[in-house]
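Okay, so here's the structure we're looking at.
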Amino acid sequence: MSKFAPRKLKKAPHQLLACWGAMLLLCLTFLPPALAQPDPWRITAASIDPSNYYGVAVANGMIGIVSSPAPFQVKNVVLAGAYDQYGRGRVSNFLNSFNLLNMYLEVDGRRLAAQDATNFRQELDMRRAALTSTFDYQDKATISYTYYALRHLPFTVLLDVTITAKKDLALTAASVMETPDALRDAQNYYNEIDRPHVTLSLLTSSAKSPTGKLLLCASNSFLFGEAHGQEPRVIHEMWDNNMHLMKFSKKLPAGQTYNYAVTGSSITSAHHADPLNEAERLTIFARLEGKERLLAFHTKAWNELWQSDIQITGDAQAQQDVRSMLYHLYSFSRAGTDLSPSPMGLSGLGYNGHVFWDTDVWMFPVLAVMHPEIAKSLMEYRFRRLEPARRNAFAHGYQGAMYPWESADTGVEETPVWALSGPFEHHISACVALAAWQYYSVTQDKDWLREKGYPMLSATADFWASRVERNGPGRYDIKNVVASDEWAENVDNDAFTNAAAQVNLRNATAAAKLLGLRANPDWLHVAQNIPILKMADGVTQEHATYKGEGIKQGDVNLLAYPLGVITAPAQIKKDLTYYETRVPNEGTPAMTQGIFALLYARLGDAGKASLWFKDAYEPNLLPPFRVIAETKGGTNPYFATGAGGVLQAVLMGFGGLNITPTGIMQSKTTLPTGWQSVKITGVGPQRKTYSVGR
């Protein structure tokens, strides 16, 4: 026996178990933060560095609130669908709306500043779409406040504040309404509406967008809890034309906790013909609903959204990250609209709020699978802008409909003229058509297909039939395009463009057959003659003059997924092996690696699937909420496009889901190294559950 063998233990087995359990509990209690398991529903910023802080969005698909590291401050308030021409490129851009939740707090006559807040931490609760900040103010009070973009009320937000006095103190709380810099002709209003049991104090502002095209309006009101007795008196102060506030004062004895809230609404003339009065009406509605009812309906709406979820076992960090991606896609879109999210969603003014292929190819499939009713809004956006797409084709000498590379409210081309993608990145039309066919495939809604899907599919098919140059069998060339690899400008026969056109033409033909309509026979003829080029070694060639240079983002590999034009595993692997070495380590968008992960999962390579899954987003994460930047080392979150690519890797790669013409099916697949299982709930119109395990 070794001299290091343990001595014989004299405790009974049940005593040993109790002892070991106590030791385990002690170890877990003192587990270093870096080793603690990430919470699957909450992302906590326990240490905040204002110089290295990237805010997280609390949004409801219409209004987005972006967090700030400063107490009681909000970085941005963004409204979907509100554009005007200013700033970048003489095109329509997103606008910051009124910052209707900014506040200040005075304790014993002193204005609270950032340096006064100790133990400052923030926590995003993804289940309830709530961002809570907590801190101590000197030795006088502990303060907590939570932001909500109310899911059931698209234009309405809520701020819930709790103050616990450690000493006797006097506080003054103010709601400050300030006009954003880009707006002009601000008008400020203050109204008190008296009723027998309540006085409604409304702080309201309006201003015109830079060209005067839009009127932007916001209004808010305090909510005081009944448990605190008589409501405090609210005072209005006008500072200048661009800022005014309302405030109240309250004395708190030591040990007492006081709660109040602010609810408000922001809306523009893009959303309502009378936005000034409507902002006040919506605020009055929320004010008289009361905080408890507002939060109950908000929570119920998010509970319903989370019926469609992705549950991962074996990788707690991946679970939190994937849920964060779902949370952001759900936050940036909503059912019942004709709005479509931009690459940065409602996280700020990134990409001017324009709609690109980012929506149709990268975000849309996730929403179509998880929430078809939300995906329908994205399709409605494209359908309502079909006529401008027809005029765009006409202007370029083509038939059918040519969708713009960058689209805003009107559906005309909004790409700045210095970017060649506007006139030449034509694959966007096939991307719109692909999304339309996927929506039908998921929902099997023939009425929608007849009324809205087929008009888009047929018009884009007509575009490609006129766009090709007919140079003989197998040489119906598509020349002079910007590839989906946007470093390849003005090239011929780009692989993704050509293959996407083929798919568009075939799906339009299939849709006509389903509807009992006569398809244009030229569509299939053209599809059969569009070339997909090969290099001497059999690798699919990105475009006619491609010589092995680095690529900005996926092109050839998209022919395997989502297009399904290349299906042979050997060819998929050959193309993967070649192009995965052509993506630089920095400066490229975060979608391509998600496709690599998806395809390797389908090929059964768990190690490569795991490597590319992590590489798709982990190097792009920014503190303190792990928000995704567009590129490795980038600083422009939240990149919803990248989230869509990673989520497709999980759903269609690791989860094995396929969108087929007869609905959602599941194929055999492989989980990444370390994962035990994936469970996908609430899939499709029937809200089915799919699981994959080892």
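The values are calculated or read from the model by the stated rules, or taken from the named source; none is laboratory data. From a predicted model like this one, the values you see are computed outputs, not experimental measurements. Quick reminder, even Gly has a Cβ in these numbers, built from the backbone with ideal geometry, and neighbours come from all protein chains shown.
Examine the stretch 666-673 for a residue that is of a type in the set (A, V, I, L, M, F, W, C), touching a residue at least 40 places away in the same chain (Cβ under 8 Å), outside the structural domain of Lys513 (by TED's automatic domain parsing) and closer than 18 Å to Leu611 by Cα, and state whether such a residue exists.
Yes, the stretch 666-673 contains at least one residue that is of a type in the set (A, V, I, L, M, F, W, C), touching a residue at least 40 places away in the same chain (Cβ under 8 Å), outside the structural domain of Lys513 (by TED's automatic domain parsing) and closer than 18 Å to Leu611 by Cα.
When you scan the stretch 77-84, do you find a residue that is part of a loop (DSSP other than H, G, I, E, B) and not assigned by TED's automatic domain parsing to the domain that holds Val355, even just one?
No, the stretch 77-84 has no match at all.
Residues in the stretch 433-453: is at least one outside any loop (DSSP other than H, G, I, E, B) and over 27 Å from Met665 (Cβ atoms)?
Looking for residues that are outside any loop (DSSP other than H, G, I, E, B) and over 27 Å from Met665 (Cβ atoms), one finds none in the stretch 433-453, hence no.
Which of the following residues is surrounded by fewer than 19 Cβ atoms within 10 Å (Cβ to Cβ) and in contact with a helix residue (DSSP H, G or I) (Cβ under 8 Å, 6 or more places away or on another chain): Arg111, Arg88?
It is Arg88.
Of the numbered conditions (1) more than 24 Å from Phe332 (Cα to Cα); (2) crowded, with 23+ Cβ neighbours inside 10 Å, Thr660 fails exactly one; give the number of that condition.
The one condition Thr660 does not meet is (2).
Quick check on Asp185: is it in contact (Cβ under 8 Å) with a residue 60 or more places away in the chain and in the same structural domain as Gln230 (by TED's automatic domain parsing)? If you could, list the steps in order and put the result at the bottom.
Details: in contact (Cβ under 8 Å) with a residue 60 or more places away in the chain: no; in the same structural domain as Gln230 (by TED's automatic domain parsing): yes.
So Asp185 does not fit the description; no.
Looking at (1) over 14 Å from the mean Cα position of the chain (by Cα); (2) buried (at least 20 other Cβ atoms within 10 Å of the Cβ), which is the only condition Glu380 fails?
Among (1) over 14 Å from the mean Cα position of the chain (by Cα); (2) buried (at least 20 other Cβ atoms within 10 Å of the Cβ), Glu380 violates only (2).
Anything in the stretch 76-85 that is surrounded by fewer than 21 Cβ atoms within 10 Å (Cβ to Cβ) and on the phi < 0 side of the Ramachandran plot? List them, or say none.
Asn76, Gln85
Restricting to the stretch 384-406, and then to whatever is of a type in the set (Phe, Trp, Tyr) and in a loop (DSSP other than H, G, I, E, B), can you tell me which residue is nearest to Ser484 (Cα to Cα)?
Looking at the filtered set, the residue picked out is Trp405.
When the residues of the stretch 185-238 are narrowed to those that are assigned to a loop (DSSP other than H, G, I, E, B) and β-branched (Val, Ile, Thr), which ends up nearest to Asn102 (Cα to Cα)?
Applying the filter and picking the extreme gives Val234.
Do we find that Ala512 is outside any loop (DSSP other than H, G, I, E, B) and either on the phi > 0 side of the Ramachandran plot or in contact (Cβ under 8 Å) with a residue 12 or more places away in the chain (or both) in this structure?
yes
Restricting the search to the stretch 258-274, which residues are hydroxyl-bearing (Ser, Thr, Tyr), surrounded by fewer than 24 Cβ atoms within 10 Å (Cβ to Cβ) and farther than 13 Å from Leu95 by Cβ?
Across the stretch 258-274, the qualifying residues are Tyr258, Tyr260.
Are any of the residues in the stretch 42-51 acidic (Asp, Glu) and either outside the structural domain of Met177 (by TED's automatic domain parsing) or surrounded by 21 or more Cβ atoms within 10 Å (Cβ to Cβ) (or both)?
Checking the stretch 42-51: not a single residue is acidic (Asp, Glu) and either outside the structural domain of Met177 (by TED's automatic domain parsing) or surrounded by 21 or more Cβ atoms within 10 Å (Cβ to Cβ) (or both).
Within the stretch 110-117, identify whether any single residue is at pLDDT 95 or above and under 19 Å from Ile143 (Cβ atoms), and answer yes or no.
No; the residues of the stretch 110-117 include none that is at pLDDT 95 or above and under 19 Å from Ile143 (Cβ atoms).
Here are Glu192, Glu178: which of them is in contact (Cβ under 8 Å) with a residue 40 or more places away in the chain, closer than 20 Å to Glu106 by Cβ and either charged (D, E, K, R) or not assigned by TED's automatic domain parsing to the domain that holds Gly290 (or both)?
Glu178
Can we say Arg233 is surrounded by fewer than 17 Cβ atoms within 10 Å (Cβ to Cβ), of a type in the set (Lys, Arg) and closer than 27 Å to Asp108 by Cα?
Values: surrounded by fewer than 17 Cβ atoms within 10 Å (Cβ to Cβ): yes; of a type in the set (Lys, Arg): yes; closer than 27 Å to Asp108 by Cα: yes.
The answer is yes for Arg233.
What's the total number of residues in the stretch 87-123 that are in contact (Cβ under 8 Å) with a residue 24 or more places away in the chain, in a strand (DSSP E or B) and not aliphatic (A, V, I, L, M)?
Residues that pass the stated criteria total 10.
What is the one condition in (1) surrounded by 16 or more Cβ atoms within 10 Å (Cβ to Cβ); (2) out of contact with any Leu (no Cβ under 6 Å at 6 or more places or on another chain) that Ala508 does not satisfy?
(2)
For the stretch 520-536: of the residues being in a loop (DSSP other than H, G, I, E, B) and in contact (Cβ under 8 Å) with a residue 24 or more places away in the chain, which is surrounded by the most Cβ atoms within 10 Å (Cβ to Cβ)?
Per the criteria, the residue is Ile530.
Suppose we keep only residues that are touching a residue at least 24 places away in the same chain (Cβ under 8 Å), assigned to a helix (DSSP H, G or I) and among the hydrophobic types (A, V, I, L, M, F, W, C) within the stretch 288-308. Which one would you say is farthest from His152 (Cα to Cα)?
Looking at the filtered set, the residue picked out is Leu288.
Collect the residues in the stretch 129-147 that are surrounded by fewer than 20 Cβ atoms within 10 Å (Cβ to Cβ), in contact with a Ser or Thr (Cβ under 9 Å, 6 or more places away or on another chain) and part of a loop (DSSP other than H, G, I, E, B), keeping them in residue-number order.
Scanning the stretch 129-147 gives a single hit, Gln138.
Is one or more of the residues making up the stretch 148-168 outside the structural domain of Leu349 (by TED's automatic domain parsing) and in a helix (DSSP H, G or I)?
No: zero hits.
In contact with a Gly (Cβ under 6 Å, 6 or more places away or on another chain), surrounded by fewer than 22 Cβ atoms within 10 Å (Cβ to Cβ) and outside the structural domain of Arg323 (by TED's automatic domain parsing): is that true of Thr415 in this structure?
Yes, satisfied.
Determine whether the stretch 635-657 contains at least one residue that is modelled with pLDDT under 95, outside the structural domain of Pro562 (by TED's automatic domain parsing) and surrounded by fewer than 23 Cβ atoms within 10 Å (Cβ to Cβ).
yes
Within the stretch 586-598, can one find any residue that is surrounded by fewer than 18 Cβ atoms within 10 Å (Cβ to Cβ) and closer than 28 Å to Asp49 by Cα? Spell out how you get there, then give the answer.
Residues of the stretch 586-598 surrounded by fewer than 18 Cβ atoms within 10 Å (Cβ to Cβ): 586-587.
Next, from what is left, pick out any that are closer than 28 Å to Asp49 by Cα: 586-587.
Checked the stretch 586-598: at least one residue is surrounded by fewer than 18 Cβ atoms within 10 Å (Cβ to Cβ) and closer than 28 Å to Asp49 by Cα.
Out of (1) buried (at least 22 other Cβ atoms within 10 Å of the Cβ); (2) on the phi > 0 side of the Ramachandran plot, the odd one out for Glu542 is which?
Of (1) buried (at least 22 other Cβ atoms within 10 Å of the Cβ); (2) on the phi > 0 side of the Ramachandran plot, only one is false for Glu542: (2).
Which of the residues that make up the stretch 590-629 are at pLDDT 95 or above and in contact with a strand residue (DSSP E or B) (Cβ under 8 Å, 6 or more places away or on another chain)?
Once the filter is applied, which keeps residues that are at pLDDT 95 or above and in contact with a strand residue (DSSP E or B) (Cβ under 8 Å, 6 or more places away or on another chain), the stretch 590-629 yields Tyr617, Asn620, Leu621, Leu622, Pro623, Pro624, Phe625, Arg626, Val627, Ile628, Ala629.
Restricting to the stretch 118-167, name every residue that is under 26 Å from the mean Cα position of the chain (by Cα) and at positive phi.
Passing the criteria: only Ala129.
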